[in-house]
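Comments concern the structure below.
The values are calculated or read from the model by the stated rules, or taken from the named source; none is laboratory data. For clarity, every value in this text was computed on a predicted model and none was experimentally measured. A quick note on method: Cβ atoms are made from the backbone with ideal geometry, for glycine too, and the neighbour counts reach across all protein chains shown.
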């Protein structure tokens, strides 16, 4: 009887609501289209941010290398832009044809914003064309500033476009609580639906994530060009470009977890059960995978820096410290990856002797994880600092005091992180959550103040030798590839987490998914989908970059003298 | 150059393979959709408990907090010497029996927060149907107590309106077509009813329905399916959706009624 009812219900519910896609099914089709569109979108939104910064460094620092670097970034952007639009169109058509009822529902609420979206997309496209094709025409004086203004405008358009699309997807996750399945769509207020609980946290998280992603893809592009280089000059240029891409990716990655905490907190505040599903429910193993991926990112990023120090005269004095930094990173990654609360069956619970493992359960709590990740961030920052300092000797009279103050700041930040990490075991959960703010605050303060001191100390510093750009072993370039693949995979995984916590709802607790694909798949299936998307994306990126290379010569700096590109931040 | 390309492809594929392998080696958990229940007038306590247990252990998501964890009170086994939930539920609130206490805890979770726990319980009625809710109550009662949930507690089966609003915003079933056979197919009637060579045998055969029922009776059968049950199909009372009055346009309804009435 139940089966008969289910059959009837499915037939009635799905009448006209769903269509299927040949071979792979409609869920997989939408998954691939959405994921690849998002990957391209992240790239074309992230790259303009640091392209415009690089152009500014070129203008105000009067360094042509940055201007050319910025132009090369933008050339990548131009050819990736059409791919973004194509996959966006694919996604829209698939949604309209495979999920017509759900699409009708979304357009009923957000239709007007979709028109605005398209209009701004139009402006964004033409701003990009002006920005790129006007590069050599508006090269000097006031015209150059206007050109730079176009770059800023490009970022403004891109950010608005992303904010609009975020309103649609976050509505699916966290619709206002007064909207129920019975709510008439005409009575839903646009702004209330649009500016929902997770809208701004997702906006910020994606803004930072796009920078990370753009930096990683640019790094991979540069590493490919480095490996394929036929001259020393070209190799030097792409070595430098790869370093800049990695610097951008890792710098933004350091900030990304804080935006992630905010998003997670908002999800919990909106609906505890959604948060618990995400962190302790059927998705709990996802975070172990995430910890593994982030460990790969930290290790690969630091490895690239440590290998890179081999081409910097004077860096030998810092080499003994790298093994300790490696130890901090490895131990931190192990603690971060330790699971705590898992859905376990009765046999597994008996085997563990309780709901948590007697030893590992202690490391799996947030007190230990927050401590671990904050120490990993401090260790990575220290790697950057050593890299910056490698070939200079500060000559300011207060250099020794400054270095001691910097050391003290590291020690104090680490002590605060450890203190609140340990104290977190002895207080209630609600108090413990607040401690993460103190830990993050200590680390961020350390990063900001130590950087300021370092910049001031580097003024007029004695050079210990020129960085030998291009003198980089090939293995370091493969680290950049691993970084790009891992960032892309991580993006797919976290997209699955964000989307998957809705479970069998198109719109959480408002519009159920009654299609045959309503169940949220396990991580194994998700990982195959993610790998497929990453593979398609990287293949397409490789193809369009190759096409771009056919059309135009690269913009590497020709040999005037030994390439003396400064460190980023000098 | 080919060697470099091959090495890059190897690094990319190797990295992807490693991540995919790890994700497939860990325990695989799929989030299932709570199964729709059709609990008729003759439902037994055993059937209710069984359905409730499936929800509790699976798609209901209860064990994420109530298993043996520390987020929420233990329901299945002893909690602070008071026994499982079925044994202690009747004593929790004076004047409230076990059934009322559990039901209210599920639907107004903020009402009875057990000391020592945070108010994190969601309103379960937002995700589960009334039938599923009562099955869950029966299962929880069975854990050390007596099941007194009966068919009388359970409201008649009503179809959820998926995204009720979009349904009402749409142009009717099947994109608003007035072709009766298209409506029958799009509305899913043939999942249970036979029309000519098409359809199933769960409900009455529509092939010659016009010979048995008038147009008015057919219209009533579509809009209020439980008002009159065809002989021999009494046990399926409550199964037919009652939402066609909302889903069909007036023109579609009349087209369908006239088409069926003409089949003699």
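Among B:22, B:26, B:4, which is the only one that is free of Cβ contacts under 8 Å to residues at least 40 places away in the same chain, closer than 27 Å to residue A:483 by Cα and buried (at least 17 other Cβ atoms within 10 Å of the Cβ)?
Values: B:22 fails: buried (at least 17 other Cβ atoms within 10 Å of the Cβ); B:4 fails: buried (at least 17 other Cβ atoms within 10 Å of the Cβ).
That would be B:26, the only listed residue that is free of Cβ contacts under 8 Å to residues at least 40 places away in the same chain, closer than 27 Å to residue A:483 by Cα and buried (at least 17 other Cβ atoms within 10 Å of the Cβ).
Residue A:312 - would you say it is crowded, with 21+ Cβ neighbours inside 10 Å and within 14 Å of chain B (Cβ to nearest Cβ)?
On the way: crowded, with 21+ Cβ neighbours inside 10 Å: yes; within 14 Å of chain B (Cβ to nearest Cβ): no.
So residue A:312 does not fit the description; no.
Has region A:210-222 got at least one residue that is under 23 Å from residue B:122 (Cα atoms), touching a helix residue (DSSP H, G or I) at 6+ places or on another chain (Cβ under 6 Å) and within 14 Å of chain B (Cβ to nearest Cβ)? Before the answer, list the steps.
Step one: list which residues in region A:210-222 are under 23 Å from residue B:122 (Cα atoms), which gives none.
No: zero hits.
Per-residue answers, yes or no, for (1) within 14 Å of chain B (Cβ to nearest Cβ); (2) surrounded by 21 or more Cβ atoms within 10 Å (Cβ to Cβ); (3) touching a strand residue (DSSP E or B) at 6+ places or on another chain (Cβ under 7 Å); (4) in a helix (DSSP H, G or I):
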{"position": "A:385", "(1), (2), (3), (4)": "no, no, no, yes"}
{"position": "A:409", "(1), (2), (3), (4)": "no, no, no, yes"}
{"position": "A:412", "(1), (2), (3), (4)": "no, no, no, yes"}
{"position": "A:420", "(1), (2), (3), (4)": "no, yes, no, yes"}
{"position": "A:424", "(1), (2), (3), (4)": "no, yes, no, yes"}
{"position": "A:438", "(1), (2), (3), (4)": "no, no, no, yes"}
{"position": "A:441", "(1), (2), (3), (4)": "no, no, no, yes"}
{"position": "A:470", "(1), (2), (3), (4)": "no, no, no, no"}
{"position": "A:477", "(1), (2), (3), (4)": "yes, yes, no, yes"}
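Please count how many residues of region A:443-467 are in a loop (DSSP other than H, G, I, E, B) and loosely packed, with under 15 Cβ neighbours inside 10 Å.
Start the filter on region A:443-467 by keeping residues that are in a loop (DSSP other than H, G, I, E, B), which leaves A:458-461, A:464-467.
Subsequent filtering for residues that are loosely packed, with under 15 Cβ neighbours inside 10 Å retains A:459-460, A:465.
Residues flagged as in a loop (DSSP other than H, G, I, E, B) and loosely packed, with under 15 Cβ neighbours inside 10 Å within region A:443-467 amount to 3.
Which of the residues belonging to region B:20-34 are assigned to a loop (DSSP other than H, G, I, E, B) and within 7 Å of another protein chain (Cβ to nearest Cβ)?
Of region B:20-34, the ones assigned to a loop (DSSP other than H, G, I, E, B) are B:26-30, B:32-34.
Scanning region B:20-34 gives B:26, B:27, B:28, B:29, B:30, B:32, B:33.
Return a yes/no flag: does region A:217-232 have any residue that is surrounded by 18 or more Cβ atoms within 10 Å (Cβ to Cβ) and under 13 Å from the mean Cα position of the chain (by Cα). Break it down stepwise before answering.
Quick first cut of region A:217-232, residues surrounded by 18 or more Cβ atoms within 10 Å (Cβ to Cβ) only: A:217-227, A:229.
Within this subset, residues satisfying the condition of being under 13 Å from the mean Cα position of the chain (by Cα) are A:217.
Within region A:217-232, one or more residues are surrounded by 18 or more Cβ atoms within 10 Å (Cβ to Cβ) and under 13 Å from the mean Cα position of the chain (by Cα).
Of the residues B:59, B:38, which is at the interface with chain A (Cβ under 10 Å from one of its Cβ atoms), farther than 30 Å from residue A:285 by Cβ and modelled with pLDDT under 85?
On the way: B:59 fails: farther than 30 Å from residue A:285 by Cβ.
The unique qualifying residue is B:38.
Quick one: would you say residue B:132 is within 16 Å of residue B:34 (Cβ to Cβ) and out of contact with any helix residue (DSSP H, G or I) (no Cβ under 8 Å at 6 or more places or on another chain)?
Working: within 16 Å of residue B:34 (Cβ to Cβ): yes; out of contact with any helix residue (DSSP H, G or I) (no Cβ under 8 Å at 6 or more places or on another chain): no.
For residue B:132, the condition - within 16 Å of residue B:34 (Cβ to Cβ) and out of contact with any helix residue (DSSP H, G or I) (no Cβ under 8 Å at 6 or more places or on another chain) - is not met.
Identify the residue in region A:315-329 that is in contact with a helix residue (DSSP H, G or I) (Cβ under 8 Å, 6 or more places away or on another chain) and either more than 14 Å from residue A:380 (Cβ to Cβ) or without any contact (Cβ under 8 Å) to a residue 60 or more places away in the chain (or both) and, among all such residues, is surrounded by the most Cβ atoms within 10 Å (Cβ to Cβ).
Start the filter on region A:315-329 by keeping residues that are in contact with a helix residue (DSSP H, G or I) (Cβ under 8 Å, 6 or more places away or on another chain), which leaves A:315, A:318-319, A:321-322, A:325-326, A:328-329.
Filter once more, keeping what is either more than 14 Å from residue A:380 (Cβ to Cβ) or without any contact (Cβ under 8 Å) to a residue 60 or more places away in the chain (or both): A:315, A:318-319, A:325-326, A:328-329.
On the way: A:315: 20, A:318: 19, A:319: 13, A:325: 20, A:326: 16, A:328: 19, A:329: 22.
This residue is A:329.
Going through region A:530-557 one residue at a time, which ones are at pLDDT below 75 and touching a helix residue (DSSP H, G or I) at 6+ places or on another chain (Cβ under 6 Å)? Give the derivation first.
To start, the set of residues in region A:530-557 that are at pLDDT below 75 comprises A:548-557.
Within region A:530-557, A:548, A:555, A:556, A:557 meet the criteria.
Select from region A:96-110 the residues that are touching a residue at least 60 places away in the same chain (Cβ under 8 Å) and surrounded by fewer than 19 Cβ atoms within 10 Å (Cβ to Cβ) and list them in ascending order. So that I can check it myself, show each step before the final result.
Quick first cut of region A:96-110, residues touching a residue at least 60 places away in the same chain (Cβ under 8 Å) only: A:97-102, A:105-106, A:108-110.
The answer is A:97, A:100, A:108.
With farther than 19 Å from residue A:388 by Cα, in a helix (DSSP H, G or I), within 12 Å of chain B (Cβ to nearest Cβ) and touching a residue at least 12 places away in the same chain (Cβ under 8 Å) as the only criterion, which of A:535, A:540, A:490, A:547 stands out?
Values: A:535 fails: touching a residue at least 12 places away in the same chain (Cβ under 8 Å); A:540 fails: within 12 Å of chain B (Cβ to nearest Cβ); A:547 fails: within 12 Å of chain B (Cβ to nearest Cβ).
Criteria check complete, one pass: A:490.
Name the one entry in B:218, B:190 that is within 14 Å of chain A (Cβ to nearest Cβ), surrounded by 14 or more Cβ atoms within 10 Å (Cβ to Cβ), at pLDDT 70 or above and in a helix (DSSP H, G or I). Write out each step before concluding.
Details: B:218 fails: within 14 Å of chain A (Cβ to nearest Cβ).
Only one candidate passes the filter, namely B:190.
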